[in-house]
Amino acid sequence: MKLILPYFRQFKVQILLGMVCMIIVDGAQLIVPQIVKSAVDVLASDSLDRAMLVQQCIFIAGLGVVMTVLRYVWRILLMGSARNLEKGIRNQLFAHAMTLDPAFYDRVKTGDIMAHATSDINHVRMAFGFGIIVLVDTLLLGGAILAIMIWTHPKLTAMALIPMPALIFFTRYLGKKMHDFHTTAQESFSQLTEMIRESFFGIRIIKVFNFESLVSERVDHAATDYYKKNLKRAVVTALLRPLLGFFFNISSLVILVYGGILVIRNALTPGELVAFLQYLGLLAWPVIAIGWMTNLFQRGLSSLRRINTLLESQPRISCPDNPAPMPLLNRHIQFSHTGFSYDDSAPVLSDISLNVPAGSRVGITGPPGTGKTTLMYLLLRLYDPTSGEIRLDNIPTTGLDPDALRSSIALMPQEPFLFSTTIKDNILMGRHLDARNLDRVIQTCDLTDTLAGMPEGLDTRVGERGVTLSGGQKQRLALARALVEKKPVLILDDPVSQLDTRTARRVIAGIYNLTQGTTCFIISHRLSALAACDKIYILENGRIQAQGSHSDLLLTSRYYRDAFAVQQFEATNET
Ligand SMILES: Nc1ncnc2c1ncn2[C@@H]1O[C@H](COP(=O)(O)OP(=O)(O)O)[C@@H](O)[C@H]1O
Ligand SMILES: [Mg+2]
């Protein structure tokens, strides 16, 4: 409720106006049978007065027009505010999801969050944006109709209502079944779409491995499943209307038979009988709505609960209450006895101690999967260490505002991620850089020739996730993105893995040139790229196995010496 009330408040004028229109429509609906009643009674008494008949017809027609217009108005007003509720909750949910840290996304499936953002929000809108209003309408209209019917003839009313409990029971029961089948059909549908999405995503692999028929078969299977579940829902839906009609016809029959007898006995006028039948027709909607509403509310409540759970999940990494002011100048980084594990089981990093003086360059190397990338994530506070600490200019990073911390660190990630927009937008990401400096960055990343070969240069669109680019091109774009702003700390996670030795050497030299005075971490397997680093750490199984300068390590580390010899050999053969 806390989530919903503000939206009601925001739109209170519209909602109130809509409700007033709705109540007027209800009132008009109740008047029509009364007019019909007097008209029929005049007819039945053989004292037909044409002028009066015409007058009443005009009155009914007028009411009809007013009702149509007002009904249109209240639907727009109330449904509009329900859509506003939907929009508001969706924005709130997305904004909250953006604050959550990567550890949350390690645990929760993207599909679940998507479901919250789509069907759960729809359920909430249906129940609370619209349902509450319909409920008011139902109770008012239904109550008034019943009152009039009872006032006209209590016994006839009682008899006409005999089938009603059965009717309410069936709408509720079938409504619940419909909802259950709807949910399973919905789940089946998301599986189907996910499967299709994945197939397009992996189209190259599918083609190379001749997986087409296998994938088609799986999609066919999922589509059949979806079809079957929809069919079940259709069966129930199809049953609902005829059943409702059946019960109402029974009521009409009762009214006709018993009411007819009453008219013959002169206990009821013919006009009253006709009006009675009309009121019964009007009662159909409130009765159906009650069954429907209860289902809607149950569904809306459970959706609301799920949304609230997501909104209440707190990021593990957030700004401390009194964040320490960001140190201004130097960027001296110390890891002291830092340990980390993703899921509280096997540690990924243990007892890592690094001392990185401001403005120095540090190389990190080691076999894949030993925690190099993870170590940099700790520095960026995408995750926090499970033991030990990291200090930036002697302030523990956990005492800093993560946003402020990240704004002083540039990262080129190991796996470049490109958005489906132009190359320029991908590099700048909303930041500004004058043409001359942008050109310098592009040159450093060895992209000048690549861009010259593209139809629209910097304004070329890269396609979804950069499919139109080669791996090396994507990598250099990600590098350019990291170099746009000169930040005090720069992390390059495997920057030249997709480049040939000569280009790599050129790019690395360019980076060094462009980032004078920056505290720089370079992760690479290519040891020649690390040779100019002030210090190199070799990581193995999450521990520092050796450290020193390039020349130190050639003497002291067998791993380093062997790897370097192999790479030298390859490089000479390449050229
Ligand atoms: N999000 C994650 N959840 C759980 N384990 C992870 C996650 N990311 C990486 N790992 C594990 O952590 C270890 C170190 O990974 P990583 O830091 O990427 O290694 P490197 O960069 O040295 O290749 C690997 O064993 C990997 O399987
Ligand atoms: Mg890595």
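The values are calculated or read from the model by the stated rules, or taken from the named source; none is laboratory data. This one's a predicted model, so the numbers in the text were calculated from it and none came from an experiment. Heads up, the Cβs are rebuilt from the backbone with ideal geometry, glycines too, and the neighbour counts pull from every protein chain shown.
If you take the residues in segment 418-431 that are closer than 11 Å to E464 by Cα and touching a helix residue (DSSP H, G or I) at 6+ places or on another chain (Cβ under 9 Å), which one is nearest to ligand 1 (Cβ to nearest atom)?
L418
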K2 being at pLDDT 85 or above, more than 18 Å from V274 (Cα to Cα) and out of contact with any Asp or Glu (no Cβ under 8 Å at 6 or more places or on another chain): no
Matching option when the condition is at pLDDT 85 or above, surrounded by 15 or more Cβ atoms within 10 Å (Cβ to Cβ) and among the polar types (S, T, N, Q), among T171, T184: T184
Count of segment 268-324 residues which are outside any helix (DSSP H, G or I), among the charged types (D, E, K, R) and free of Cβ contacts under 8 Å to residues at least 24 places away in the same chain: 1
Only listed residue being touching a Leu at 6+ places or on another chain (Cβ under 7 Å) and either farther than 22 Å from V32 by Cβ or among the hydrophobic types (A, V, I, L, M, F, W, C) (or both), chosen from L273, L262, L282, L256: L262
Tally, over segment 50-82, of residues that are over 39 Å from the mean Cα position of the chain (by Cα) and of a type in the set (K, R): 1
Residue ID - farthest from L380 (Cα to Cα), chosen from residues in segment 408-441 that are small (G, A, S) and more than 26 Å from the chain's Cα centre (by Cα): A435
Pick from segment 336-348, criterion touching a Pro at 6+ places or on another chain (Cβ under 8 Å) and not in a loop (DSSP other than H, G, I, E, B), ranking: nearest to ligand 1 (Cβ to nearest atom): F340
Counted residues, segment 100-157 - those being part of a loop (DSSP other than H, G, I, E, B), at pLDDT 85 or above and more than 30 Å from I31 (Cα to Cα): 2
Which numbered condition V507 fails, given (1) farther than 26 Å from I409 by Cβ; (2) touching a Pro at 6+ places or on another chain (Cβ under 9 Å); (3) not polar (S, T, N, Q): (1)
Test for G371: is it within 16 Å of ligand 2 (Cβ to nearest atom), in the same structural domain as V496 (by TED's automatic domain parsing) and at pLDDT 90 or above: yes
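Okay, residues lined up against (1) under 20 Å from R440 (Cα atoms); (2) within 32 Å of the chain's Cα centre (by Cα); (3) modelled with pLDDT under 90:
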| position | (1), (2), (3) |
| --- | --- |
| E464 | no, yes, yes |
| V467 | no, yes, yes |
| S470 | no, yes, yes |
| A478 | yes, yes, no |
| T515 | yes, no, yes |
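Just to be sure before I move on: is S81 within 25 Å of A127 (Cα to Cα) and of a type in the set (S, T, Y) in the structure I sent?
Working: within 25 Å of A127 (Cα to Cα): yes; of a type in the set (S, T, Y): yes.
Yes; evaluated as a whole, the condition is true for this residue.
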Residue within segment 401-417 that is out of contact with any helix residue (DSSP H, G or I) (no Cβ under 6 Å at 6 or more places or on another chain), more than 16 Å from ligand 1 (Cβ to nearest atom) and over 16 Å from K487 (Cα atoms) present: yes
Residue in segment 351-393 that is farthest from D101 (Cα to Cα), counting only those that are assigned to a loop (DSSP other than H, G, I, E, B), within 15 Å of ligand 1 (Cβ to nearest atom) and aliphatic (A, V, I, L, M): L380
Residue in segment 452-462 that is within 24 Å of P495 (Cβ to Cβ) and within 30 Å of the chain's Cα centre (by Cα) present: yes
Subset of segment 358-383 (residues that are among the charged types (D, E, K, R) and in contact with a helix residue (DSSP H, G or I) (Cβ under 6 Å, 6 or more places away or on another chain)): R381
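State all residues of segment 219-264 that are β-branched (V, I, T), within 35 Å of the chain's Cα centre (by Cα) and surrounded by fewer than 17 Cβ atoms within 10 Å (Cβ to Cβ); if no residue qualifies, say none.
Here is the first cut: in segment 219-264, the ones β-branched (V, I, T) are 219, 224, 235-237, 250, 254-255, 257, 261, 263-264.
Subset that is within 35 Å of the chain's Cα centre (by Cα): 219, 224, 235-237.
V219, T224, V235, T237 - these are the residues of segment 219-264 that are β-branched (V, I, T), within 35 Å of the chain's Cα centre (by Cα) and surrounded by fewer than 17 Cβ atoms within 10 Å (Cβ to Cβ).
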First in segment 546-557 and under 11 Å from C533 (Cβ atoms), second anywhere and surrounded by fewer than 18 Cβ atoms within 10 Å (Cβ to Cβ) and aliphatic (A, V, I, L, M), Cβ under 6 Å, 6 or more apart: H550/A531
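Residue-by-condition table, conditions (1) charged (D, E, K, R); (2) more than 30 Å from F569 (Cβ to Cβ); (3) away from ligand 2 (no atom under 16 Å from the Cβ):
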position: G457; (1), (2), (3): no, yes, yes
position: V467; (1), (2), (3): no, yes, yes
position: Q473; (1), (2), (3): no, no, yes
position: L479; (1), (2), (3): no, no, no
position: E485; (1), (2), (3): yes, yes, yes
position: P488; (1), (2), (3): no, yes, yes
position: V496; (1), (2), (3): no, no, no
position: T501; (1), (2), (3): no, no, yes
position: R505; (1), (2), (3): yes, no, yes
Residue in segment 417-431 that is in contact (Cβ under 8 Å) with a residue 24 or more places away in the chain and within 16 Å of ligand 2 (Cβ to nearest atom) present: yes
Number of positions in segment 18-58 that are over 26 Å from I148 (Cα atoms) and assigned to a helix (DSSP H, G or I): 2
